[in-house]
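Taken together, the values in this text are just the output of simple stated rules run on the coordinates, not laboratory data. As the structure is a prediction and not an experimental result, all values here were calculated from the model. Glycine gets a Cβ as well: all are built from the backbone with ideal geometry, and neighbour counts include every protein chain shown.
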Amino acid sequence: MRKFKKLIIACDGESASGKSTSAKLISKKYQLLLVNSGLLYRFCSKLVIRHKPKKLVSFLNKRLKKISYKNIARQNLHSQEISDHVAILAKNKNVRQIVNNFQKKIIKNNKKICVEGRDIASKILAKNPKYDLAFYFKCNINVASHRRWLDLNKKVSLREVKKSLKKRTLMDKERKYSPLIKVKDAILIRTDILSKKQVLMKMSKYIEKII
């Protein structure tokens, strides 16, 4: 593997599309700092569910200023309660601005980074800095539901998980601010027809062309 000084990768996709796993694999291979945008929103949801703040924006602003991304990433944020709540919270323009600012501080200090979420290529890494490569992850709803069901240790029914994923993706695509879209130059990754090894190979093929 050749040495390189800069590599900025954007990974976007639907719920349980395999983007988190793929982003982890590629980040490990190319020694990139991995930032999971979804975890930030999930962390915010966890705080709101627990504390029920009257002044949402100022509350979240203060909390995010006092914590590092590393501490957020260590937490278990994949409960069904958080999953149902986060889609609603992510529609809030002011909340998105707080999370965006948090992410951009991290991005500006790192030239070798992989950021994954739902509006990374279209918003977060659209410019200053702009991504070097964008990937868009898609997965059949039945495969995605089963994957998330296992992540939740089968604590809720598979039917409930499928219903929740459909609702979340629809809300992500139809929200007014920073909706989930596939940018024109994003490379499509179908995780329902590719194994983890094949996904890593496909992503690596495009990365090797530019570093």
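Cβ-Cβ distance of Asn101 and Arg159, R₀ of 45 Å, FRET efficiency by 1/(1 + (r/R0)^6): the value works out to about 0.75. Computed over every Cα-Cα pair of segment 56-148 and binned at 5 Å starting from 0, the pair-distance distribution P(r) comes out as 2, 9, 18, 21, 23, 15, 9, 2 percent. A compact globular protein would have a Cα radius of gyration near 2.2 N^0.38 Å; the ratio found for segment 90-211 is 1.18.
Okay, which of segment 53-94 sit inside 14 Å, backbone N to the point 7 Å along the Cα-Cβ direction of Asn109? Zone members listed by number: 65-72. Take the Cβ atoms of Lys5 and Lys29, set R0 to 25 Å, and the FRET efficiency comes out at 0.90. Segment 7-206 gives an Rg/Rh value of 0.94, both radii derived from C-alpha positions and Rh following Kirkwood.
When all alpha-carbon pairs of segment 155-211 are counted, what percent fall beyond 17 Å? In whole percent, the long-distance tail amounts to 62.
Between Cys114, Cys11, Cys139, the GNM of the chain built on Cα springs shorter than 10 angstrom shows Cys139 fluctuating the most.
Treating only the Cβ atoms of Lys and Arg (+1) and Asp and Glu (-1) as charged, compute the dipole magnitude of the chain about its Cα centre; round to the nearest 20 debye.
Values: 54 positive and 14 negative charges, 126 e Å.
I would put it at about 600 debye.
Taking every alpha-carbon pair in segment 1-124 and binning the separations at 10 Å intervals from zero gives 12, 45, 32, 9, 1, 0 percent.
Cα centroid separation, segment 30-62 to segment 134-168: 22 Å.
Over 27 Å between Cα atoms: which of Lys167/Lys205; Lys28/Lys52; Lys62/Lys138; Lys70/Lys163; Lys130/Lys209 fall into that group? Can you show the working numbers first?
Details: Lys167/Lys205 34 Å; Lys28/Lys52 37 Å; Lys62/Lys138 35 Å; Lys70/Lys163 31 Å; Lys130/Lys209 17 Å.
Over 27 Å Cα-Cα: Lys167/Lys205; Lys28/Lys52; Lys62/Lys138; Lys70/Lys163.
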